[in-house]
Structures are given as C-alpha cells and as structure tokens.
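Structure record follows, encoded as structure tokens.
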C-alpha cells in the first residue's frame, strides 16, 4: 500500500527474468535518496517507485542499467 502524500512513477525495464532480477532492480533503486520504495515485476517488464520529492530520471536509468537491465521508458 502506498502512503498518502507520495507520488508513483512506473518505468519499463527489459531483461528481468526472475524474482532475483526484481530484487536486484528494487535494491538498486532504493539507493536513490528520494525513492521510498520500489516494486519490480519481471513478467510485465516494469518497476513502480514511490517517492515524495522529485527524482532524477537520469539517475534512475543509470541505476537500472548499472544493475544489468535495460531502461526503456517512464510513464
């Protein structure tokens, strides 16, 4: 459940094939200070983040790609 006063953003991520991949992406994104939580879904190729203040999309892309996955787009 998401907290009141937070925003959500969904990113399309390719290359995740299992639960371990989801955890890797979630862990990488949790290192970004403004992100409160991340929930990845490998079968649907997305990760949803919860945040309070704005996040740097370049930083999100860098974290995902440094973890070994492909950042495709954001919604």
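Need the full-extension length gain, residue 19 to residue 70, defined as separation in residues times 0.36 nm minus the C-alpha distance. One decimal, nm. Walk me through the numbers before you get to the answer.
Values: separation 51, 0.36 × 51 = 18.36 nm, distance 1.64 nm.
That works out to 16.7 nm of additional length.
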Helix 19-30 versus the longest principal axis of the chain: what angle, 0 to 90°, nearest 10, using Cα atoms? 40
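Over the chain, what is the relative contact order in percent, taking alpha-carbon pairs closer than 8 angstrom and at least six residues apart? Don't jump to the answer; show the numbers that get you there.
Working: 130 pairs, mean separation 31.7, N = 75.
Across the chain, relative contact order equals 42 percent.
Rule-based calculations on the coordinates, nothing more; no lab input. Keep in mind that what you see is a predicted model, and the values were worked out from it rather than measured.
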